[in-house]
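Asker: Quick one: the structure is below, and I'll ask about it shortly.
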Amino acid sequence: MAYFKETQKLNQVWLWVLLMAVTTAVVSLLSYLLYMQLYQDEPIGRRSLSDNQLILLCTTVLVIMTIIDWTILSGKLEVEVTSTAVRYRFFPFIPGWKILKRKDIANYEVRKFNLLKDFGGRGYKSKPGSGKAISVKGNKGLQLTLKNGKILLLGTQKPREIKQAMDRLVKQPHYG
């Protein structure tokens, strides 16, 4: 039974604007290069590529940019607190559910954090001494300290609700 579910998407306006600006600049540059070499017969650079090589290069760059844009824009953090565990995934970087059983959690707290200072930015981050963090927006998260000493911070936009769910999880009878 799920006590808590949350899905956060990488849908900040600044991210879309940044990706669109970079994509537009690259497509404009590639279009200019293709136009100059294919239609104006002006090779680019001293050791220019053949027409076929230039077309292949431009196509490869566009495919790679499309994959990067899709990967970033499809990113979403999903967190669930059930009666037996905390489950999370960060698609497409962690596509399958990671499960932290109640018996493996030593401590938890919902706290404010400075993601840039504490972990170096948004996304899936790891920093020696600070543990791992997964956050897509905001400055609040569920910090789990595991019995093996590892620390995991999961960003949340619903701090009160996740705290209530964690309180319920730890109060459940323990069955190994």
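Please treat every number below as a calculation from the coordinates, not as lab data. This one's a predicted model, so the numbers in the text were calculated from it and none came from an experiment. Cβ placement follows ideal geometry from the backbone for every residue including glycine, while neighbour counts extend to all protein chains displayed.
Asker: Rounding to the nearest 20 debye, state how big the charge dipole of the range 1-91 is about its Cα centre with +1 on each Lys and Arg Cβ and -1 on each Asp and Glu Cβ.
Answerer: 320 debye
Asker: Let me ask something else. Given a Förster radius of 30 Å and the C-beta distance between Thr7 and Glu109 as r, what FRET efficiency does 1/(1 + (r/R0)^6) yield to the nearest 0.05?
Answerer: 0.85
Asker: In whole angstrom, how far apart do the alpha carbon centroids of the range 6-60 and the range 111-131 sit?
Answerer: Comparing the Cα centres of the range 6-60 and the range 111-131, I get a distance of 33 Å.
Asker: Please work out the FRET efficiency for the pair Val63 and Thr24, using the Cβ-Cβ distance as r and a Förster radius of 25 Å; give the result to the nearest 0.05.
Answerer: 0.90
Asker: Give the Rg (one decimal place) followed by the Dmax (whole number) of the chain, computed from C-alpha coordinates and expressed in Å.
Answerer: Reported Rg and Dmax, both Å: 22.7, 77.
Asker: Calculate, in whole percent, how much of the Cα-Cα pair population of the range 10-73 lies beyond 17 Å.
Answerer: Roughly 48 percent, once rounded to a whole number.
Asker: Then there is this: Could you size up the charge dipole of the chain around its Cα centre, putting +1 on the beta carbon of Lys and Arg and -1 on that of Asp and Glu, and report it in debye to the nearest 20?
Answerer: Here the chain has a charge dipole of around 1340 debye.
Asker: Another question, then. Which of Asp118, Asp41 has the fewest other C-beta atoms within 10 Å, and how do the rest follow up to the most?
Answerer: Asp41, Asp118
Asker: Now a separate question. Name the most mobile residue of Pro159, Pro95, Pro128, meaning the one with the largest mean-square fluctuation, in a Gaussian network model of the chain with Cα contacts below 10 Å.
Answerer: Pro128
Asker: Let me ask something else about it. Taking a quarter of the surface of the Cα convex hull of the range 111-175, what do you get in nm²?
Answerer: Taking a quarter of the hull surface, the average projection is 4.9 nm².
Asker: Over the chain, what is the mean sequence separation of C-alpha contacts under 8 Å (at least six apart), divided by residue count, expressed as relative contact order in percent?
Answerer: Relative contact order, the chain: 22 percent.
Asker: Then there's this: If you rank Val63, Val86 by fewest surrounding Cβ atoms within 10 Å, what's the result?
Answerer: Ranked by crowding around the Cβ, least crowded first: Val63, Val86.
Asker: Using a 10 Å Cβ count of at most 15 others and DSSP loop calls, identify the longest part of the chain lacking such trypsin sites (Lys or Arg not before Pro).
Answerer: The answer is 48-146.
Asker: Further, regarding this structure: Span-like helices, the chain: DSSP H, alpha-carbon axial extent 15 Å or more, mean Kyte-Doolittle 0.5 or greater, which ones?
Answerer: Long hydrophobic helices here: 13-34, 51-73.
Asker: Also, quick follow-up: Gain in length, Ile55 to Tyr39, computed as 0.36 nm per residue apart minus the alpha-carbon separation, to one decimal in nm?
Answerer: 4.5 nm
Asker: Where is the GNM fluctuation largest for the chain (alpha-carbon springs, 10 angstrom cutoff): Thr23, Thr71, Thr59?
Answerer: Judging by the Gaussian network model, the answer is Thr59.
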